[in-house]
Amino acid sequence: TKHFPVRKRGRELLSRTVRSVRAVEDVSLRLHRGRVTALVGESGSGKSSVARLLAQLHLQTSGSVKLYGREVDAKGGRKFRAYSKRVQMIFQDPFASLNPVHTVRYHLTRALKIHGRPGKTPQELEEALHDLLTRVQLTPPERYVDKFPHELSGGQRQRVAIARALGADPEALLADEPVSMLDVSIRLGVLNLLSDLKDRLRLAILYITHDIASARYFADETYVMYAGRVVEGGDSESVTQRPAHPYTQLLIDSAPDPDRPAAEEKDGGTGEPPSLIDPPPGCRFHPRCPHAMKVCSEQVPPRFDVGEGHFAACWLYGEER
Ligand code: SF4
Ligand code: MG
């Protein structure tokens, strides 16, 4: 759970109540080595905050982050540095995450040095750089190593950002919308690269996206977030082909489908996600839900099993219905 305090303004300064944005509420998920886990949701659903919690760039309001069952202590000094090396983030905008005045060589050398892997001789360093570039399919490496970010395409820049993350020799990659700013034509190449690295390096990958269709293609497990909560999760095929939660159904119906004429597309559904300062009680989706019942506005639905480890947090699947 992560709540961000809201800064008080004007008259609020006098009041005792502290308001907060309840960005992440009771989210529980598990990543596995050698597997991709997708976290799908609209912007503002809290999915980036979840990634930042897992990287411990934000500290949770309550709950814990564990690695192989051991709780991570962000104040744990050396131990914490070891954690942050094992869990690397990849951001949406590869241009913003690379320093424009430095070359690829600088970025990758720095990553290797921070993580104590630059090799002993200049030649070993050069080999390590070439190895990283080859891993992300920027070959031949000599062609890329002395380039500046502006001399590369968006896809190549994102590959450099991935190579930099690999410089730490991580076990998990937290990829926050890694392809959404790239040209549609090159997205698949970058996703395939991540998939390939996952297999070869047995990485656990968290794939954050608003594109549920790509989750089906790319992820083993898929979790769907709405307004700070996980509302559905399970095997990607099952979640995307047999969505149980009304919100996931809406998400799939409103996604553009190349096989369906535009006129048949439903518009983005009914209404907007709620404010997270004062979210609706009970099921946070109830003001927009076509199936809402009385219990929905009163009690938060727990996770109900809908088969084969696939769950939905929705009263439609509860006893109380
Ligand atoms: Fe709709 Fe109720 Fe299910 Fe929420 S719990 S999605 S309001 S039916
Ligand atoms: Mg985001």
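What follows draws every value from the coordinates through simple rules; no lab data is involved. Owing to the predicted nature of the structure, the values given are computational and were not obtained by experimental measurement. Counting neighbours? That spans all protein chains shown, and the Cβs are built from the backbone with ideal geometry, glycine included.
Using Cα springs under 10 Å in a Gaussian network model of the chain, which residue among 209, 134, 109 shows the largest mean-square fluctuation?
Highest fluctuation of the listed residues: 134.
From the gyration tensor of the Cα coordinates in segment 1-88, what semi-axes in whole Å does the equivalent ellipsoid have, largest first, with each one equal to sqrt(5λ)?
Its equivalent ellipsoid spans semi-axes of 29, 17, 10 Å.
Excluding residue 25 itself, what net charge comes from residues whose Cβ is under 14 Å from its Cβ, given Lys and Arg +1 and Asp and Glu -1?
Spelling it out: positives minus negatives among the neighbours equals +4.
Do the alpha carbons of any pairs in 66/198; 113/198; 47/120 sit beyond 30 Å of each other, and which pairs? Write out the running numbers ahead of the final one.
On the way: 66/198 20 Å; 113/198 24 Å; 47/120 40 Å.
Cα-Cα > 30 Å for 47/120; rest within.
If I histogram all Cα-Cα distances within segment 76-206 using bins 5 Å wide from 0, what percent of pairs lands in each bin?
Histogram of Cα-Cα distances, whole percents per bin: 2, 11, 21, 24, 22, 13, 5, 1, 0.
Provide the three semi-axes, in whole Å and in decreasing order, of the ellipsoid equivalent to segment 281-320 as defined by the square roots of 5 times the Cα gyration tensor eigenvalues. Numbers along the way, then the final one.
Details: eigenvalues 67, 18, 15 Å².
The equivalent ellipsoid of segment 281-320 has semi-axes of 18, 10, 9 Å.
Could you tally the net charge around residue 190, taking each other residue with its Cβ under 12 Å from the Cβ of residue 190, Lys/Arg +1 and Asp/Glu -1?
Cβ neighbours under 12 Å give a net charge of 0.
Long-range amide H contacts for residue 24: which residues qualify at under 5 Å (H placed 1.01 Å from N, peptide plane, sequence gap of 5 or more or a different chain)?
Long-range HN contacts for residue 24: 2.
Please tell me the relative contact order of the chain in percent, rounded to the nearest whole number, where contacts are Cα pairs under 8 Å and at least six residues apart.
Relative contact order comes out at 22 percent.
Can you tell me how segment 106-174 classifies by the Cα gyration tensor, rounded, prolate or oblate, using a/c under 1.5 as the rounded cut?
Verdict is oblate for segment 106-174.
Helix-only estimate, please: 222 nm mean residue ellipticity of the chain, summing -39500 (n - 2.57) across DSSP H runs of length 4 or more and dividing by its residues, to the nearest 500.
It lands at -9000 deg cm²/dmol.
At 25 °C and 0.890 mPa s, what whole-number value in µm²/s does Stokes-Einstein give for the translational diffusion of the chain, with Rh from the Kirkwood sum over Cα pairs?
Roughly 115 µm²/s, to the nearest whole number.
Once the convex hull of the C-alpha atoms of segment 147-253 is built, how many Å³ does it hold per residue, rounded to a whole number?
In segment 147-253, the Cα convex hull volume per residue is 119 Å³.
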